[in-house]
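Beneath this line is the structure, given in structure tokens, with notes to follow.
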Amino acid sequence: MDKIVIDGGKRLRGEVRVSGAKNAALPILCSAILTGGENTFQNVPVLRDIRTMARLLRSMGAGVEGERTVHIDTTKLDRLEAGYELVKTMRASVLVLGPLVARYGQARVSLPGGCAIGARPIDQHLKGLEAMGAKIRLSHGYVEARAKRLHGARIVCDLVTVTGTENLMMAATLAKGRTVLENAAREPEVEELARVLNKMGARIEGAGTSAITIEGVDTLHPIEHAIIPDRIEAGTFMVAAAVTKGDVLLKDCLPEHLDAVIAKLRSAGAEITAQDGGLRVRARQDLKPVDITTQPYPGFPTDMQAQFMVLAAVALGQSVITETIFENRYMHVQELARMGADIHVDGRTSIVRGVPRLMGTTVMASDLRASAALVLAGLVAEGETEVRRVYHMDRGYERMEKKLEKLGARIRRAEDAEA
Ligand code: EPZ
């Protein structure tokens, strides 16, 4: 098992390329189940979660070749199941459910179970499939779904769910008739999935809004497609530039996906300008406190909450951060406190009082975005920081320490002998 070792205090400078979006690539790889034949996806990030998804698709009988450019052949799937061993390592595995029921009329998918950041049930996914005529049975920890052919339906989600919207949108593409998804998620990754499905021959309108209409078709065909950049990876590097008072140019990112993040960084005092087809982030003085409330897109992303908590921890003054999406997404707080941060959590709200400096020490990553936040804290801390359990980070960040090293950080990966 690896750890990341950081000697803090260096200003980040230079250029960094943003990789393809994990949370777009995962549903898009699953959408290949709908077509048969061979799909080719480019700009796929090289991540642990993508490898897990490839293993899942192979276990179902798909041919999956390549990294970054991935060829997936789903002509003949012979095992319409996502087993517990894979689903427990990556909840996004549930995204095979909609496509399998839509194309093969049946699926057996392990219930994901709890997760470090919250209970994360999938009741909305199942409610929507039932509305489209699927017979759903929960048996021995598995969802068993069956339907001769799904039919169109009007589905009002009780709450905004990203993968729920994606699963139901994929299922509706091959359903008989029209489906309307209300209170749908508006994330750029949902819009990107709809773009891919329409390229495959689907008839989807309204993706990116809270009402998505899908006219079912009989078949879809394979395609070639390059995946959008990762807005959360981009946001993470923007915070890294700001907290180290650095000057970084992000290449291959889409500023229009980052409005809420850019607005908060600017109010903290960072300068953000479009330059050379990218985004330049500079911070030349101490940062100001920021109040943040996480919301579904286009609100402030929960996947950036932990990183901004580091910014607030070193800003001049008090910030209030409210996490409204997940009930247990403050696992990084105690680790930051070990580095000298002054954070008081009361339910979903945390009061962060900025301190003059953080101090390097050994800290433990608990989930993907918490691990990124601890690395950012190590970049600004005095002395050496060791971030352990970085397998969490590898799930969603491609060669993060290499990219930071190229920006001048004193950072390295090492074998964690104590793990
Ligand atoms: C997606 O997770 C992302 N994952 C998450 O990113 C992200 O944090 C989340 O959306 C919110 O933006 C992927 O896209 C693979 P939700 P998802 O369903 O779809 C509750 C990262 O760091 N809910 O939108 O699983 C749920 O418990 C990851 O990259 C139900 O109650 O999140 C949560 O409180 C972490 N019933 C809220 O809704 C349901 O059926 C939003 O969850 C579904 C969700």
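The values are calculated or read from the model by the stated rules, or taken from the named source; none is laboratory data. Bear in mind that the values here come from a model prediction, so they are computed numbers and not experimental data. Glycine also receives a Cβ, built like all others from the backbone with ideal geometry; neighbour counts cover every protein chain displayed. The area values use the complete protein model at the heavy-atom level, side chains included, leaving out ligands, DNA and RNA. Shrake-Rupley method; radii C 1.70, N 1.55, O 1.52, S 1.80 Å.
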Probe radius 1.4 Å, ligands and nucleic acids left out: which of 416, 291, 218 has the largest accessible area, and how do the rest follow? 218, 291, 416
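When averaged across all projection directions, what area in nm² does the alpha-carbon convex hull of the stretch 20-79 cover?
Mean projected area of the Cα convex hull: 3.3 nm².
Restricting things to Cα coordinates, could you compute the convex hull volume per residue of the stretch 252-353 in Å³?
Values: hull volume 10.2 nm³, N = 102.
Convex hull volume per residue, Cα atoms: 100 Å³.
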Would you tally the net charge around residue 95, using a Cβ to Cβ cut-off of less than 13 Å, leaving residue 95 out, and scoring K and R as +1, D and E as -1? -1
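May I ask for the net charge around residue 156, where only other residues with Cβ less than 10 Å from the Cβ of residue 156 are counted and Lys, Arg are +1 while Asp, Glu are -1? Walk me through the numbers before you get to the answer.
Details: positive: 127, 154; negative: 158, 182.
Net charge in that neighbourhood comes out at 0.
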Please calculate the 1.4 Å probe accessible area of residue 344, with all protein chains present, and give it to the nearest 10 Å². 110 Å²
I'd like the distance between the alpha-carbon centres of the stretch 97-170 and the stretch 245-315, rounded to an integer number of Å. 35 Å
Rg (Å, one decimal) plus Dmax (Å, integer) for the alpha carbons of the stretch 101-185? 12.5, 39
Cα Rg, Dmax, the stretch 66-219, angstrom units: 14.7, 40
I'd like the trypsin sites (Lys or Arg not before Pro) in the stretch 93-180 restricted to DSSP loop residues with at most 12 other Cβ atoms within 10 Å, sorted by number. 148
Contact order normalised by length for the stretch 284-419, with contacts defined as Cα pairs under 8 Å and 6 or more residues apart; what percent is it? 20 percent
Take the Cβ-Cβ distance between residue 353 and residue 245 as r, set R0 to 30 Å, and report the resulting FRET efficiency rounded to the nearest 0.05. 0.90
Longest principal axis of the chain (C-alpha) makes with the long axis of helix 368-380 (C-alpha) an angle, in degrees to the nearest 10, of 20 degrees
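Average projected area of the Cα convex hull of the stretch 53-148, in nm²? Walk me through the intermediate numbers first.
Numbers: hull surface 26.8 nm².
Directional mean of the projected Cα hull area for the stretch 53-148 stands at 6.7 nm².
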Stretched fully, the stretch from residue 327 through residue 211 gains (0.36 nm per residue minus C-alpha distance, one decimal, in nm) 39.1 nm
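Per residue, how much accessible area does the chain have with a 1.4 Å probe, in Å²?
Values: 16260 Å² over 419 residues.
Dividing the accessible area of the chain by its residue count gives 39 Å².
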Working note, the stretch 192-276: Cα radius of gyration (Å, one decimal) and Dmax (Å, whole number) are 17.6, 55
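Give me the percent of the accessible area of the stretch 29-147 that comes from carbon and sulfur atoms, probe 1.4 Å, all protein chains in place. Working shown, then result.
Numbers: 2310 of 4630 Å².
In the stretch 29-147, the share of accessible area belonging to carbon and sulfur is 50 percent.
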Mind checking which of 296, 206, 281 is farthest towards the positive end of the chain's charge dipole, using Cβ charges of +1 (Lys, Arg) and -1 (Asp, Glu) about the Cα centre? 206
Under a 1.4 Å probe, counting only protein heavy atoms, residue 60 has an accessible area in Å², nearest 10, of 0 Å²
Listed residue (318, 225, 246) projecting farthest to the positive dipole end of the chain, Cβ model: 225
Could you give the distance between the Cα centres of the stretch 221-238 and the stretch 360-390, to the whole Å? 25 Å
Interatomic Cα distance distribution for the stretch 1-107, bins of 5 angstrom, percent: 2, 11, 21, 21, 16, 9, 6, 5, 4, 3, 1, 0
Restricting to DSSP H runs of at least four residues, report the calculated mean residue ellipticity at 222 nm for the chain, -39500 (n - 2.57) per run over all residues, nearest 500 deg cm²/dmol. -9000 deg cm²/dmol
With a 1.4 Å probe and every protein chain left in place, tell me how much accessible area residue 272 has, in Å² to the nearest 10. 10 Å²
So if R0 is 41 Å, what FRET efficiency would residue 199 and residue 412 give, r being the distance between their Cβ atoms, rounded to the nearest 0.05? 0.50
Could I get the Rg over Rh figure for the chain? Both from C-alpha atoms, Rh via Kirkwood, rounded to two places. 0.98
The summed charge of the residue 197 Cβ neighbourhood (under 12 Å; Lys/Arg +1, Asp/Glu -1) stands at -2
By accessible area (1.4 Å), largest first, 215, 233, 38, 191 order as 38, 191, 215, 233
